[in-house]
Structures are given as structure tokens and as C-alpha cells.
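A.B. asks: I have a structure I would like to understand better, so I am pasting it below and will then ask my questions one at a time.
The values are calculated or read from the model by the stated rules, or taken from the named source; none is laboratory data. Just so you know, these numbers come straight off a predicted model, no measurement behind them. Cβ coordinates were reconstructed from backbone atoms using ideal geometry, including for glycine residues, and neighbour counts include every protein chain displayed. Note: accessible area is taken over every heavy atom of the protein model, side chains too, but ligands, DNA and RNA are not part of it. Shrake-Rupley method; radii C 1.70, N 1.55, O 1.52, S 1.80 Å.
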Amino acid sequence: MKTYIILLITLVLISCKDEKKVKKEIVEINKVSEFYVGTYTDKDSKGIYKYSLGSNGILTKIGLAAVSENPSFLALSPDKKYVLAVNEVNKDNVGFVESFEIENDSLKLINKSSSGGANPCHIIINTNGYVLTSNYSGGNVGLLKLDTNGKISNILNVQQHLGKGTTERQEAPHAHSAWFDKDDANKVIAIDLGTNELWFSEINTETNKLINNKPSKLAMAEGAGPRHLVFHPNKKIIYVLNELDNTITTVLKSENQEYSKKTTVSILPDNFTGFSKAADIRISNDGNFVYASNRGHNSIAILKVDSNDYSLSLVGLESTKGENPRNFSLSPDNKYLIVANQDTNNLVSFKRDVKTGLLTFKSEIKAPTPVCILFNE
């Protein structure tokens, strides 16, 4: 009898354990990642939309999250309670920044402030709540701050860029993005397509102003037109995406915080003779692969990172199954890549091979003039 009871208890425990295992596997199978899509609203779009990505790579539309004018770039607050959006407009030589509180599948507007210049096209926030807006037509970077209740401040400071490049797109400064250094959240790298340079500065937290560092700038190759960047996980290597000549430049940060250019690689096939311009760049969490979008060639370039010198080599090009691919994003688990095709009004998901970096088409869904993808996790 005693043996029978022990056996029964053992079977119950095993059964409970198996049930928990099954439930865990079901959760993994049905796991969904949600993301927001920023758009241009000059056609059918009303603002910011919400979608989901299933663990099988299938995309699903949730709906309109917030009405907003040209919310072309989005950022998530560090506590993941708020979404920031730029309004890429030019009204009396300024654009705007909006702050939203996440409420289930909706975004509730908290407030709106000037971005510090015309046509803001990029926004980012650091762990201290400082916000940077890159104003393309204004040729400057605006500094704001988000409080703990999600309210965005008035403009605190504006870093005005000066100079020009050598092409038609570089007749004046065009700030295209700004980034916080991975080693110091108050150090800033701004990218100006117009002046063809990276601008280095630091936030003075007492005066709330951007102060130029020395050296203050790093020029890219003539006519390159830098646009975005990504940091390697080692925090010493930066990959700069150059829009105009469709290349990526590897930049090294030395121990004394000086930056130098190393190698540059094309993100187009050798035999391509048509017009194309680069749009966005991402790096896998393990630092082994870099991805970049080509508008014109309409592809995602797949580049392998050399484990010794961190140089890049092009290993593949995947069609985006749409036209004018803008911003794209890796899913939080890095198993999928989602791209926004602006001119064909569609989002496309690809399964990512973590060993080879290559992409396989999984799903496609309609989206009105999509230009930015932001996961809310």
C-alpha cells in the first residue's frame, strides 16, 4: 500500500511537470511581439499604427494607435511606458515632438513641443530622460527632456550645424540622426548628411546644453552622405551607413575617445548600375551580422562581421518585396527582420538564420506609407 501511494505521488508530480512543460511550449509557440509603425500622413495614413509579429513570423494588424501628423520616427522611453514621435513638418521653420502614454492598444497624447528645427526625421532618448531630435531641413539637433510622467519639455538647446558637402543633397546642413554613446549616456554623436560629417558633443547636465567635444567632427568620404549608425556590442566599433554612395564605414573609437575611419564596403551588388540610396542599418545582438536597406535596389544587404578586425563583407542581398524600403527592425529575439516599404504600402517579415545571417520570407501585410518600426519591448 505504501509503495502504491509513493508511486501515485510520483506519477502526479511527473504529470504536473509535463503539464507545465506543455504549457510553456504552448506559450512559446503562441508568443507575440507587438510593434508600432510610424508613417507619412499625406495619403491614406492617419498616424501611428500597431501590429503584431507571431512566433511563426506572421504579421497581424491591431489598428490605429494614435492620430498624428507625419510621425516618421518613433522612440520608446527606457521604462517602456511612453512612445515619442517626431512630426516631420515645417511650420514656421519648426517641426514638433509628441509624447504618448501607452494604454493597451492605444497611445494617449500627453503633450507636444517644438523639435527646435524644421522637418525632424529622427528621435532618441537616453536613460537620463534626455531627448535628441534631428531636424533635417533645419540642419540642427534639438535637446529636450522627458519627465517621469511622460511629459516632454520645451526645447532646452539647439546645436546648429554649419557647412556643406559636394553633391546636390549637400548644399546645406541636414542633420539626419543623433545617437547616445554606449559608454556614456550623455555623450552624443550626431550625423549630418549635408555637411558629410559626424559631430561629437556632450550634454552639460547642469546647463542642459550640448557642448562640442574635441575633436568635434569626423568627415566621411566625399559625397558619402552619412545617415544612420549602429554600435557593435563591444562599444568600440561603429558602423556608419552612408546614404548617397550606398556604403557602410567602420569607425573605431580609441581608448582616449578619438574616432578614426577604417574600412568602407558597398551594400550593392557589383553589377548594379541603377539609382539607389541607403536608408537604415541594424546589427544582430551577437554582433555577427549587420543589415542595411537599399532604396532603388529595394533590398536588405546582409553583411558578416569579421571576428578579428570587425570589418564587413557582403554575404547576401534579399529583396524587400516592395519599393522604397525605409526603416526596418530586428525582432527582440533577433529571429525575425521586419521591413517597411514606403511606396508599396506593405510590411514584410523575414526569418533570420542566426548562423548564416541570411533571410527567408515569411509574411506580408498592408500598411499605409510605413517608414518606421518600433517594438514596444
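Results for (1) among the acidic types (Asp, Glu); (2) touching a His at 6+ places or on another chain (Cβ under 8 Å); (3) within 24 Å of residue 287 (Cβ to Cβ), shown as yes or no for each residue.
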| position | (1), (2), (3) |
| --- | --- |
| 314 | no, no, yes |
| 319 | no, no, no |
| 328 | no, no, yes |
| 333 | yes, no, yes |
| 345 | no, no, no |
| 350 | no, no, yes |
| 364 | yes, no, no |
| 371 | no, no, no |
| 375 | no, no, yes |
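A.B. asks: Can you find, within the range 149-173, the residue that is surrounded by the fewest Cβ atoms within 10 Å (Cβ to Cβ) among those that are in contact (Cβ under 8 Å) with a residue 60 or more places away in the chain and in a loop (DSSP other than H, G, I, E, B)?
C.D. replies: 167
A.B. asks: Oh, and also: Within the range 287-320, how many residues turn out to be over 17 Å from residue 338 (Cβ atoms), among the charged types (D, E, K, R) and under 17 Å from the mean Cα position of the chain (by Cα)?
C.D. replies: Going through the range 287-320 one residue at a time, the tally reaches 0.
A.B. asks: Shifting gears a bit: State all residues of the range 46-60 that are in a loop (DSSP other than H, G, I, E, B) and open to solvent by less than 10 Å² (accessible area, probe 1.4 Å); if no residue qualifies, say none.
C.D. replies: Within the range 46-60, just 57 meets the criteria.
A.B. asks: For the range 181-260, which strands (runs of 3 or more DSSP E) that fit wholly inside it have 2 or more residues that are open to solvent by 20 Å² or more (accessible area, probe 1.4 Å)?
C.D. replies: Here the list reads 197-204, 209-219.
A.B. asks: Hey, can you tell me all the residues within the range 93-118 that are within 25 Å of residue 160 (Cβ to Cβ), open to solvent by 30 Å² or more (accessible area, probe 1.4 Å) and of a type outside the set (Phe, Trp, Tyr)?
C.D. replies: 93, 94, 112, 114
A.B. asks: Within the set of pairs 6+ apart or on separate chains, which have a first residue in the range 186-208 that is modelled with pLDDT under 95, a second that is acidic (Asp, Glu) and in a loop (DSSP other than H, G, I, E, B), and C-beta atoms under 9 Å apart?
C.D. replies: Going by the 9 Å Cβ cut-off, there are no qualifying pairs.
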